[in-house]
Amino acid sequence: MTATLFPTVPRTTSGGSITPCDVGLPVLRVVLGAIMVVHGTQKLFQWFDGPGIKATGMFFGKAGYPAGESMAVIAGLTETLGGLGLILGLLTPLAAAGIVGVLINAIAVKWTGSVIGQKGIEFECLIIAGAVTLALTGPGRFALDRFVPVLRDHRVIHGVLALALGVVLAAVALLVRD
């Protein structure tokens, strides 16, 4: 009997019955995705009482990022498209990795040493944990990834590679800060 390090996880059981993951993962995807879409559209379009690109760009500039408005657009697009990807279960590992990258930068900018409270990072950590979970487990059976040949049967390696890419890009963004 040979075990592989990164096995394929089939989307359906042999009998075709619905599993707990088939029900639970879409709940996580939709809630986490909706939170990220709201945050992204706040930056991009001033929806949901958001600051918009100009004000968010000023925030990024004060936080030490060059080209603050460009960084605001990148963050807003990553949050919006990553959130939509999670909601739909489309390119789930990449969507989750993008969210992880943005939240790593959010923690780096926000963190003052406090974990809990207004200046704490518990919300950001929870979002990262949810995104990492989805990247590693896959979106569940009810997802558009099911129609993407490479992602049809989720492989842990897809999540690991996507998360590595998200962390590397987050590190690059942090390195360009003043």
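The values are calculated or read from the model by the stated rules, or taken from the named source; none is laboratory data. Computed from a predicted structure; not experimentally measured. FYI the Cβ positions are ideal-geometry reconstructions off the backbone, even for glycines, and counts take in every protein chain you see. Surface accessibility is based on the protein's heavy atoms, side chains included, excluding ligands, DNA and RNA. Shrake-Rupley method; radii C 1.70, N 1.55, O 1.52, S 1.80 Å.
Of note:
- Contacts under 7 angstrom Cβ, first residue in the stretch 18-31 being over 19 Å from Ile99 (Cβ atoms) and in contact (Cβ under 8 Å) with a residue 12 or more places away in the chain, partner surrounded by 15 or more Cβ atoms within 10 Å (Cβ to Cβ) and among the charged types (D, E, K, R), 6 or more apart: Asp22/Arg141
- Screening Val156, Val176, Val160 for residues that are hydrophobic (A, V, I, L, M, F, W, C), touching a residue at least 24 places away in the same chain (Cβ under 8 Å) and within 23 Å of Pro20 (Cβ to Cβ) leaves exactly one candidate, Val156.
- Scanning the stretch 120-153 for residues that are in contact (Cβ under 8 Å) with a residue 40 or more places away in the chain, in contact with a Ser or Thr (Cβ under 8 Å, 6 or more places away or on another chain) and under 25 Å from His39 (Cα atoms) turns up Leu134, Ala135, Gly138, Pro139, Ala143, Asp145.
- Residue-level check: of (1) open to solvent by less than 50 Å² (accessible area, probe 1.4 Å); (2) touching a Gly at 6+ places or on another chain (Cβ under 7 Å), Leu144 misses just (1).
- Exactly one residue out of Ile99, Ile104, Ile128 is open to solvent by 40 Å² or more (accessible area, probe 1.4 Å), modelled with pLDDT of 95 or more and part of a helix (DSSP H, G or I), and it is Ile104.
- In the set (1) in a helix (DSSP H, G or I); (2) more than 12 Å from the chain's Cα centre (by Cα), Gly113 fails one condition alone, (1).
- Residue within the stretch 74-91 that is among the hydrophobic types (A, V, I, L, M, F, W, C), open to solvent by 20 Å² or more (accessible area, probe 1.4 Å), in a loop (DSSP other than H, G, I, E, B) and at pLDDT 95 or above present: yes
- For the stretch 153-174, the set of residues classified as modelled with pLDDT under 95 and open to solvent by 60 Å² or more (accessible area, probe 1.4 Å) consists of Asp153, Arg155, listed by residue number.
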